[in-house]
Amino acid sequence: MNNVQSILNDPFKNKGTAFTADERKTYNLIGTLPPRVQTLSEQVKQAYNQFKSKDSALEQRLFLMNIFNTNRTLFFALMDQHITEFMPVVYDPTIADSIEQYGQLFTDPQAAAFLSIDDPEHVKESLANAAGGRDIRLVVVTDSQGILGIGDWGVNGVDIAVGKLMVYTAAAGVDPAQVLPVVLDVGTDNQQLLDDPEYLGNRHARVQGQTYLDFVEQFVSAASGLFPEALLHFEDFGRDNAAVLLEKYQDQKLIFNDDIQGTGIISLAGVLGALNISGEKITDQKFLTFGAGTAGVGIASMLYDELIREGLSPAEAKKHFYLVDKQGLLFDDTPALTPGQKKFTRSRTEFADSANLTDLFAVVQAVHPTVMIGTSTQPGAFTKEVVQEMAAHTPRPIIFPLSNPTKLAEAKAQDLLNWTKGQALVATGIPAGSVEYNGVSYDIGQANNALVYPGVGFGAMAVGARVINEKMLAQASHALGGIVDSTQPGAAVLPPVSKLAAFSITVAEVVAQSAIDQGLAKPGITDAKKAVKAAKWVPEYK
Ligand SMILES: NC(=O)c1ccc[n+]([C@@H]2O[C@H](COP(=O)([O-])OP(=O)(O)OC[C@H]3O[C@@H](n4cnc5c(N)ncnc54)[C@H](O)[C@@H]3O)[C@@H](O)[C@H]2O)c1
Ligand SMILES: O=C(O)C[C@H](O)C(=O)O
Ligand SMILES: [Mn+2]
């Protein structure tokens, strides 16, 4: 290479001050860097000190993104050492602020593909341009209609695709040169963006219906044509489209919907972890999901599948679920049910006062759930009154307020423990520090799909799986057990983020093994552990 620009400006190859004297000669870098050659660990230390000097999480994020944009190896070496501290900065919740201010903060397109519904003839070219000749194995795509719980953010949502991919590499070791973030810019119904002179996306209402579906199809077929082995990970699509698209493609393509499947896996894993602590059985639980949208129905479906695997009949399993949405408890005759909700409705004849079951407290009072999971985007919805009513009828209430970001959580971990005198088994969507109650320190698990999707996707990619199916998801849910010592007072229901890199590999291995066992792996691949090890990228200068 003879061009200074190409290597110092290539984030996949750049080493900055770590280029050795020989490399500086080879790449014509003599005189283009300060003379001292640093090691990667010196760079990491120096960058971490700069990170610490920033005043806010958003400033820290901008600083880290600058390193990410210029030197991926340094970025991931740094993240590897500070994973617990960096996750909330790089990813949720700080990512929500960066998405809301995308136009104002824009400096770099981060090698994403921006696909415009106003320019459908350039879908393939756009993907190829963004890939720049790289061998893409993993695509995270969003249409930004349901970013976390903050709604429709148009082109700004590209940051969630970038962020999810950063976690794939940090957690599982996906090669960062083999990933591609994609945003489908189909317009936005967010008036604030439409009115914002600095908005960088298509300035019109969201295109819907057949034109929308055709555009998604164009993306899927162009992506699978260009990158035939790639996993397509769908993120933060709206409630009307997420499940429809998963159903449409899941048997034909290697695809994954994180909000449905990833959230389902981590929630089931959290419930299994909680039952490990309480000593109860999953078939004895009554599940209430509050907010029966993409995530809520995905969670119910994953728990339902587990009850079936435990031997219940479909009719018996269904009786364990109570879905609550804006309308209250969902009945067979509730208007405007989604197809996913219809599978879990109740009959009015089960209740003397079904007309009154329109708010969470009334439903909890009537149903006495043992597990309550929030994916409603309604902050504070798990009130003291609701929680104490639940706790009055079950010794160890399992309560997961999962709405993100922080400002939308249904409850705070500390309140849940205070209100239940330490009896609640809690996991939250965003990271929570440990909580003191009555002299015991309670570790709070993070039930965020980030704890499992990297392993699931990486495991499937490592063996060239044809699809991701229920068996693989079940294996992933069970793989997180046994890491936490459930006999310790205050034990968490899920393993800590500090061990994310280790247990992501465990998850990847069981998913890879399941693909092999089912005959869904690439011919010739027979050893899951070996395949996962061979595919793992590590942040070291080559
Ligand atoms: N922790 C995680 O891993 C994780 C994963 C996915 C989603 N989430 C969070 O879950 C939330 C929902 O995400 P989604 O993708 O399912 O969105 P969604 O829009 O598909 O679903 C939200 C549901 O909540 C319902 N809802 C709104 N107001 C309500 C109210 N007052 N009472 C009851 N229900 C109400 C909506 O009607 C909708 O059905 C978001 O905050 C998101 O961040 C967390
Ligand atoms: O992005 C997250 O933090 C989890 C989840 O996918 C969400 O949409 O909230
Ligand atoms: Mn999401």
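Just report the Cα centroid separation between the stretch 5-57 and the stretch 159-217, whole Å.
31 Å
Placing unit charges on C-beta atoms (Lys and Arg positive, Asp and Glu negative, everything else neutral), compute the dipole magnitude of the stretch 94-253 about its Cα centre in debye, rounded to 20.
Charge dipole, the stretch 94-253, about its Cα centre: 420 debye, nearest 20.
Alpha carbon centre of the stretch 297-367 versus the stretch 446-481: separation in Å?
Comparing the Cα centres of the stretch 297-367 and the stretch 446-481, I get a distance of 27 Å.
Taking amide H positions as placed 1.01 Å from N in the peptide plane, with prolines and chain starts having none, which residues 5 or more places from Phe227, or on another chain, fall under 5 Å of its amide H?
none
Using the alpha-carbon atoms, what tilt in degrees (0 to 90, nearest 10) does helix 158-172 show relative to the longest principal axis of the chain?
Value to nearest ten degrees: 90.
Taking all pairs of different Cα atoms in the chain, averaging 1/r and flipping that mean, what Kirkwood radius in angstroms comes out?
Result for the chain stands at 24.1 Å.
Show me, for the stretch 103-118, the HN-Hα J-couplings you get by feeding each phi into the Karplus relation (A = 6.51, B = -1.76, C = 1.60, θ = phi - 60°), rounded to Hz, glycine and proline as x.
My calculation for the stretch 103-118 gives x, 6, 8, 4, 10, 8, x, 6, 6, 8, 9, 9, 9, 9, 5, 7 Hz in order.
At a threshold of 8 angstrom on Cα-Cα distance, excluding pairs fewer than six apart, so keeping six or more, what relative contact order does the chain reach in percent?
Contact order relative to length: 13 percent.
Where does the charge balance sit around Ala427 when Lys and Arg score +1, Asp and Glu -1, over other residues with C-beta under 14 Å from its C-beta?
0
Between Lys248 and Leu213, what is the label-to-label distance in nm when each label sits 7 Å out along the Cα-to-Cβ direction?
So the two model labels end up 0.6 nm from each other.
In what order do Leu231, Leu33 fall by count of nearby beta-carbon atoms within 10 Å, going from fewest to most?
Leu33, Leu231
Pop out the ³J(HN,Hα) list for the stretch 444-451 in order, Karplus 6.51 cos²θ - 1.76 cosθ + 1.60 with θ = phi - 60°, rounded to Hz; leave Gly and Pro as x.
Those phi angles translate into 10, x, 9, 8, 10, 4, 4, 6 Hz.
Please report Rg over Rh for the stretch 342-461, where both radii come from the alpha carbon positions and Rh follows the Kirkwood definition.
1.03
Just order 462-473, 80-91, 514-525 by mean Cβ neighbour count inside 10 Å, highest at the front, would you?
462-473, 80-91, 514-525
Cross-link partners among lysines for Lys542, C-alpha distance below 16 Å, same-chain residues fewer than 8 apart left out?
Here the lysines satisfying the reach criterion relative to Lys542 are Lys13, Lys15.
What is the Cα centroid distance between the stretch 225-265 and the stretch 489-537, reported in whole angstrom?
Taking the Cα centre of each part, the stretch 225-265 and the stretch 489-537 sit 20 Å apart.
Read-outs: derived from the displayed coordinates by stated rules, not from any lab. It should be emphasised that the depicted structure is a prediction, and the values quoted were computed from it without experimental measurement. Because the Cβ atoms are built from the backbone with ideal geometry, glycine has one as well, and the counts that use them run over all protein chains shown.
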